[in-house]
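Taking it in order: structure first as structure tokens, then the write-up.
The values are calculated or read from the model by the stated rules, or taken from the named source; none is laboratory data. Since the model is a prediction, treat every value here as computed from it, not as a measurement. Glycine gets a Cβ as well: all are built from the backbone with ideal geometry, and neighbour counts include every protein chain shown.
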Amino acid sequence: MPRASHRDGFWGGRAIRLALLAALPAVAETQWQTAPPTALGLDSAKLETLRTQLAARGTRALIVARRGRIALEWYAEGHDAARKQGTASLAKSLVGGLSLTLLVQDGLVKWDDPASRYIPAWRGDERKSGITLRHLASHTSGLQDAEVEGLTHEQLTGWMGAFWRRDPNPFLTALHDAPVLFEPGTQFHYSNTGMAALSYALTAALRESRAPQQNLRDLLRTRITLPLGIPDEDWSIGYGRAYETDGLPVYASWGGGSFTPRATARIGQLLADGGRIGERVLIRPARLAEMKIANPNALPARSPTNPVPAPAMGWYTNEDRIWPSIPADAFCGAGAGHQTLLVIPSLDLVVVRNGAALNGAQRRADFWGPMLEHLYAPTVAAVLPHGAPAPYPASTHITGVEWAPADEIRIAAQDSDNWPLTWMDDGSQFTSYGDGRGFAPFVDRKLSSAGRASPAARSTSPPPTSAAPQANASATAPPGPR
């Protein structure tokens, strides 16, 4: 069964065509579908405990979505679905990481292009000329960050203070004033200035290629937010403006973004679905996979209280299982105050959280421990081990099914119809009718209802309680059994 089909109703919409690098897919519906947690294979009691505990830890907005539907959505007093939330360094993922991936997909840049190809001021610098786009996106460039532990941005002086005041231009500060601390690609050093350099380089690449979109905001709007049906008023980037730098309209990708939680979650769902909206591709799976590759030789320092995930292209991944309780395919973006988007494709799970720091403090040295303890791990623990509870009591006679090898299957009749019926883990039932050897022209051997079988039907009504059951069935392929 085509797994993507169960999203069609959620993402469907009226087609809009624009003159772009390629024809864009149809604009999606902006309305999310919701479903009871148990129908999505989530423990209702555990989600309620999660919500209560997060509310007590400064959370302003929380969304837990699974299989393209919202299981939990909660807002603190004074906040709602229409109010944008500051994303802080989550912008490194939503702006920097996604923009870089789109340009790689379009063939405008390569992951390992020298950044100096797009930053002329670096071409004569021995160390800066060795920095690649991959280094900038994964915090391994060596470009010194504009941070000092224990000082707020307002307390910083010199070029660091000028960077955060954005006075007169943070991109010029990052490109010309931030020194390189080590050989690029050999160590991890979190770098806001590196992300600023990445924004400049990507914008220069857009101009060089004469792409239809000449800045990162237009790129994301055309290629991501419009196709996903995210209204313009639901998101902003770059502190709300572009900085004219060497004739380029450059938007910040290190911070300065604001998204409604639903806008962030919708982007997360796109990534959970492998860059697709149904059958329509916004980000090719191969590029998405490359976006999540970390450098194993330049990992950050880790500790039990700060289990930093592996940095990839603007995102962080759990590929080396630094979080043992979380699936290895999990990846995330995060920012100050524990703003976060967590995506776990294997669980079809998307989590968005906005608010104040979960541990009541703002220290980079113990940032990831509270995120894992109070949000990521409890959410994953709420996933039911076998999906949604069965709508009928378990059989006391049939305790399991073992499939015989194909070469042991016997067909006792000349022809036979088959009509399989089963329950899905979302609480629905599906069936498919097949004629033993199919219809003319017949096949030699028919063992299932695939191929020439009738389309699958999905029943979403509650289990029958009378002798005259009713079903609301549709001839669309349901999600495959799990």
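Okay, here's what the table says:
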| read-out | value |
| --- | --- |
| Inter-residue pairs, beta-carbon under 7 Å, first within 15 Å of Gly185 (Cβ to Cβ) and in segment 116-134, second hydroxyl-bearing (Ser, Thr, Tyr) and surrounded by 22 or more Cβ atoms within 10 Å (Cβ to Cβ), 6+ apart | Ile131/Ser141 |
| Test: Gly247 is surrounded by fewer than 24 Cβ atoms within 10 Å (Cβ to Cβ), under 16 Å from Ser93 (Cβ atoms) and at pLDDT 95 or above | no |
| Residue within segment 230-237 that is more than 22 Å from Gly333 (Cα to Cα), in contact (Cβ under 8 Å) with a residue 12 or more places away in the chain, of a type in the set (S, T, N, Q) and in the same structural domain as Leu102 (by TED's automatic domain parsing) present | no |
| Sole exception among (1) touching a Cys at 6+ places or on another chain (Cβ under 9 Å); (2) hydroxyl-bearing (Ser, Thr, Tyr); (3) more than 30 Å from Thr186 (Cβ to Cβ) for Ser325, by number | (1) |
| Filter result for Gly124 (over 19 Å from the mean Cα position of the chain (by Cα), within 28 Å of Ala201 (Cα to Cα) and either of a type in the set (A, V, I, L, M) or modelled with pLDDT of 95 or more (or both)) | no |
| Qualifying residue in segment 293-307 (condition: under 16 Å from Ser99 (Cα atoms), in the same structural domain as Asn215 (by TED's automatic domain parsing) and in contact with a helix residue (DSSP H, G or I) (Cβ under 7 Å, 6 or more places away or on another chain)) | no |
| Any hit, segment 260-280, residues being of a type in the set (Ser, Thr, Tyr) and crowded, with 21+ Cβ neighbours inside 10 Å | yes |
| Candidates Pro249, Pro184, filtered to the one that is under 17 Å from Pro114 (Cα atoms), not small (Gly, Ala, Ser) and not in a helix (DSSP H, G or I) | Pro184 |
| Residue list for segment 283-333, restricted to those being touching a Lys or Arg at 6+ places or on another chain (Cβ under 7 Å), farther than 15 Å from Ser93 by Cβ and among the small types (Gly, Ala, Ser) | Ala328 |
| Subset of segment 191-210 [of a type outside the set (Asp, Glu), surrounded by fewer than 19 Cβ atoms within 10 Å (Cβ to Cβ) and in contact (Cβ under 8 Å) with a residue 60 or more places away in the chain] | Ser209 |
